[in-house]
Amino acid sequence: MDFKQLAEKYKSELLNNVIPFWLEKSQDHEYGGYFTCLTREGNVFDTDKFIWLQGREVWMFSFLYNNVEKKQEWLDCAIQGGEFLKKYGHDGNYNWYFSLTRDGKPLVAPYNIFSYTFAAMAFGQLSLATGNKEYEQIAKTTYEKILSKMDNPKGKWNKLIPGTRDLKNFALPMIMCNLSLEIEHLLDKETMKHTIDACIHEVMDVFYRPEIGLVVENVTIDNQLSDSFEGRQLNPGHSIEAMWFIQDLGVRLNRPDLIEKAVGISLKMVKKGWDEKYGGIFYFMDRLGHPTQQLEWDQKLWWVHLETMICMSKGYLLTGNKECLEWFEKVQDYAWNHFKDQEYPEWYGYLNRQGEVLLPLKGGKWKGCFHVPRGMYQCWQIMEKCKNMK
């Protein structure tokens, strides 16, 4: 594998294709913030603004400014999105709405904890780019709100009847592994240590089930498996993404044992999730092989494959595990052949099981300026380091 050539490939895709698309097509120069509902060509087909995607784009352009090049247009893009979020994205007490109208009127109440997590990420990275103390305070206040909601993320908007089948979900401790590293510069050491220790425990000792060798999406409050739709649910891409967060924590904490364990789990999950008939990784699965409640279970999604590419290449870089490199190559080939649009910038998001384009959109309610550019950046940087491996 020619790591030098691959590094150039990912760098070029990021800087010459993906980022110019979002810079040009997504900014709302009239009201602020970003359009995310974009056609294949980049035309706006819906003007609603989803807080978690607004936050992700603020984060992305701030991150590029901080880590790639001090481009003023990237910083300007991030600041205008951050100012829109600061003004309209919350109820005045940093309870972050789920969605807004184009001009910033709230549409959906702040029921979704991921509006909070990506707002915290956004303002954490934006504070690094600008030195703005107000942005720092927004990030810290939002992070504290998240910590207070860990036991009941949806709060009063939780529609489940308590006491019947109380489950907890993998997504929040998983994202906290990443978020805590993202805003470490704003956290005191004790908060950082406590949160990271708790999240590593949840991800690696609770949701990873050694008795089945897999990561499940939901467990009971007392950390047991549940024989229910939710309790049997697997999301291979989700668990694999979490494993590169854990690898990053392993590096940060100087814990090679944690890195090795994360690599082992990610290899189990990619083998479980791979579609032997058509290629690609399934979106949802049932751990007992029953039909899933998600009708889209067999679709192939962009983020699942990009996160797997990051995880497998990082696993190879950190451990030298050749199986990681083999899986990286396999998933990379599938992704570039199926998700990359050969005629227009940015990547497709949704394929059917056979690998055919299901929706030609480049952005929507769930796909924004995040997984593709972050994946390109991560793979570029990992390939640069792999060049120097013996």
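At 1.4 Å probe size, with every protein chain present, just tell me what the per residue accessible area of the chain comes to in Å².
42
Which lysines have a Cα less than 24 Å from the Cα of Lys189, not counting those fewer than 8 places away in the same chain?
Excluding near neighbours in sequence, the set is Lys133, Lys140, Lys145, Lys149.
Report relative contact order for segment 261-390 in percent, whole number only (criteria: Cα-Cα under 8 Å, sequence separation at least 6).
Relative contact order for segment 261-390 comes out at 24 percent.
In terms of the ratio Rg/(2.2 N^0.38 Å) built on C-alpha atoms, what value belongs to segment 205-364?
Normalised Rg, Cα atoms only: 1.06.
Expressed in whole Å with the largest first, what are the equivalent ellipsoid semi-axes of segment 1-157 derived from the C-alpha gyration tensor as the square root of 5 times each eigenvalue?
Working through the eigenvalues yields semi-axes of 27, 19, 15 Å.
Roughly to the nearest percent, how much of the accessible area of segment 221-293 is carbon and sulfur, given a 1.4 Å probe?
Here it works out to 50 percent.
With Cβ to Cβ distances under 13 Å as the rule, what net charge do the other residues near Ser180 carry (K, R +1; D, E -1)?
Computed value for this residue: -4.
Going by amide H atoms built from the backbone, whose H comes under 5 Å of the H on Asp46, apart from near neighbours?
Hits under the 5 Å cutoff: Cys37.
Let me know the longest stretch in the chain that avoids all GluC sites (Glu not before Pro) found in a DSSP loop with at most 11 other C-beta atoms within 10 Å.
70-210
For the chain, what does the helix formula give at 222 nm: sum of -39500 (n - 2.57) over DSSP H segments with n ≥ 4, over the residue count, nearest 500 deg cm²/dmol?
-16500 deg cm²/dmol
Within segment 1-85, list the trypsin sites (Lys or Arg not before Pro) lying in a DSSP loop whose Cβ has at most 13 other Cβ atoms in a 10 Å radius.
For trypsin sites (Lys or Arg not before Pro) across segment 1-85 that sit outside H, G, I, E and B with at most 13 neighbouring Cβ atoms in 10 Å, the list reads Lys70.
Name the residues whose placed amide hydrogens come within less than 5 Å of the amide hydrogen of Arg209, ignoring near sequence neighbours (fewer than 5 apart) on the same chain.
Amide H neighbours of Arg209, under 5 Å, 5+ apart: Leu214, Val215, Val216.
Over all directions, what mean area does the Cα convex hull of segment 275-334 project, stated in square nanometres?
Hull-based average projected area comes out at 4.7 nm².
How high is the relative contact order of segment 1-158? Use alpha-carbon pairs under 8 Å, at least six apart in sequence, and give a whole percent.
Value for segment 1-158: 20 percent.
In terms of the ratio Rg/(2.2 N^0.38 Å) built on C-alpha atoms, what value belongs to segment 309-381?
Normalised by 2.2 N^0.38 Å, the Cα Rg of segment 309-381 equals 1.20.
Taking Cα pairs under 8 Å and at least six residues apart, what relative contact order does the chain come out at, in percent?
Computed value for the chain: 18 percent relative contact order.
In the calculated pair distance distribution of segment 112-266, what percentage of Cα-Cα distances lie above 23 Å?
That tail contains 40 percent of the Cα-Cα pairs.
Treating the chain as a set of equal point scatterers at the Cα positions, no solvent, please give the Debye-formula log₁₀ I(q)/I(0) at q = 0.07, 0.09 Å⁻¹.
Per q value, in the given order, log10 I(q)/I(0) is -0.29, -0.50.
Quick one: the Cα spread of segment 99-189 along its three principal axes, in angstroms, biggest first?
Answer, in whole Å and largest first: 48, 38, 16 Å.
Please list, in chain and number order, the residues 5+ apart from Lys154 or on another chain whose amide H is under 5 Å from its amide H, with Hs placed from the backbone.
Those lying under 5 Å, H to H, from Lys154: there are none.
Just the ratio, please: alpha-carbon radius of gyration of segment 70-147 over 2.2 N^0.38 Å, N its number of residues.
The reported ratio for this selection is 1.06.
The values are calculated or read from the model by the stated rules, or taken from the named source; none is laboratory data. Since the model is a prediction, treat every value here as computed from it, not as a measurement. A quick note on method: Cβ atoms are made from the backbone with ideal geometry, for glycine too, and the neighbour counts reach across all protein chains shown. Ligands, DNA and RNA are stripped out before the accessible areas are found, and what is left, the full protein with its side chains, is counted by its heavy atoms. Shrake-Rupley method; radii C 1.70, N 1.55, O 1.52, S 1.80 Å.
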